[in-house]
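Nothing in this text is a laboratory measurement; each read-out follows from the coordinates by a stated rule. For clarity, every value in this text was computed on a predicted model and none was experimentally measured. Using ideal geometry, Cβ is built from the backbone for each residue, glycine included, and neighbour counts are taken over all protein chains shown.
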Amino acid sequence: MTAPAVRHPGELRWETRLLAVVTATLVALGIATIYGASSLVRSRGEIIGGSYALTQFTGALVGGILMLIVARIDYRVLRPLAWPLLLASILALVVIILPFTPSFIAPRINGAKRWLRVGPVQFQASEVVRLAVIIWCAMLATKKGEQVREFKKGLMPFLVILGIISGLILLQPNMSMAVLISLLGGIVLFAAGAKIGHFLLLGLGAVIGGLQVIQRAGYRAERLDKFLNGAEGTSQIYQSLVGIGSGRLFGVGFGEGQQKMGYLPYAYSDFIFSAIAEEWGFLGVCLVVTLFGIFVWLGLRIARTAEDAFGRYLAVGLTAMVGVTALMHMAVTLSLMPTTGLTLPFVSFGRSSLVVSLVGVGILISIGRMRGKPGGRLGGSAPGRAATRSPR
């Protein structure tokens, strides 16, 4: 008796369930770590650190509800919405950097204009752009098909749009997010079959252009110089390594970390991986790395068995959005790359990042849920078939 051509949805359901459990575990760990790492944060002489955990909890609640809603919707409805979502996000970036935009709409925080306020809601526009770019790249790569391997007809439209978006984000300024968004777009294109030679040439050009951008901004050049001269040259990286080393195997205990006492700024966001290592020790670090490893593994399994090309490319992009960001955050705290300011997905303080990441997980779950359902395939590869790149 031959096996059925379409696998039953129940055979694939464990992956989406485990993905939700891993995500919820990371969110819960993040709220607990934020509470411990921000407990002594002061503003105007008053300790306000406890409110950070409450703020993160509200973001987790809103993001969790949106994740559940999005997970129940067919992800393919996003394909015709890709252009409107991208244009709306670009418009948000333009509004933020316009010199005449009032501060109550685009407030300047820590010397940067990255946030947009709409009524009572304030969010970081580049976080929304990150998700919109992945959806748009997946849509256009699906539409172009084999043309992705051509430079003029395939790669050039992506470069134009990603260049515009990266330029707008650089004006905020936020170089790390501009680099990340360009990288995520490149990963989707690579999964779609773009030529490696094109990426090598573009990578060389990006390095040259990036060095020029760094040189024009004194603080970026200073960061790079300090990184190249060793961790001792920059207090943030040095204190991050001190915190990681002091955690040893089991950590100093929940809420007992010393780096939050003014030694390591933003221990609850930009350097939360260091706070985890200090308070939870090497075992806590292994737990976090394992959870992110499982997340990436599940995301790629969903991508490999997605019902169509759009689902494959979208799943790859969403998985990379979490995995690459986490890797870059950990690399910064371990002094493996210069300070970037990227948060640890699901864990670091930041409602915009948390909500967008949870919505991304909802889309990923939707892609997983549609596998193996009769009539679910719309011109994609057969269920269970591995997504392969075109032969070079």
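Laid out as a table, the results:
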item: Other-chain or far-sequence residues with amide H under 5 Å of residue 266's (modelled H); result: none
item: Local electrostatic count at residue 353 - Lys and Arg +1, Asp and Glu -1, tallied over other residues with Cβ under 13 Å; result: +1
item: Ascending count of other beta-carbon atoms within 10 Å, so fewest first, for 136, 14, 280; result: 14, 280, 136
item: Burial ordering of 130, 369, 17, fewest other beta-carbon atoms within 10 Å first; result: 17, 369, 130
item: Mean shadow area of the stretch 236-293 over all directions, Cα convex hull, nm²; result: 3.5 nm²
item: Cβ-based exposure ranking for 268, 35, in which fewest neighbours within 10 Å come first; result: 35, 268
item: Spatial separation of Cα centroids for the stretch 236-309 and the stretch 333-375, in angstrom; result: 15 Å
item: Selected from 27, 75, 345, residue furthest toward positive end of dipole (the stretch 9-369; charges at beta carbon); result: 75
item: Within-13-Å neighbourhood charge of residue 122 [Cβ basis; K, R +1; D, E -1]; result: +4
item: Whole-Hz ³J(HN,Hα) from phi, Karplus 6.51 cos²θ - 1.76 cosθ + 1.60, for the stretch 29-35, glycine and proline x; result: 4, x, 4, 5, 5, 4, 4
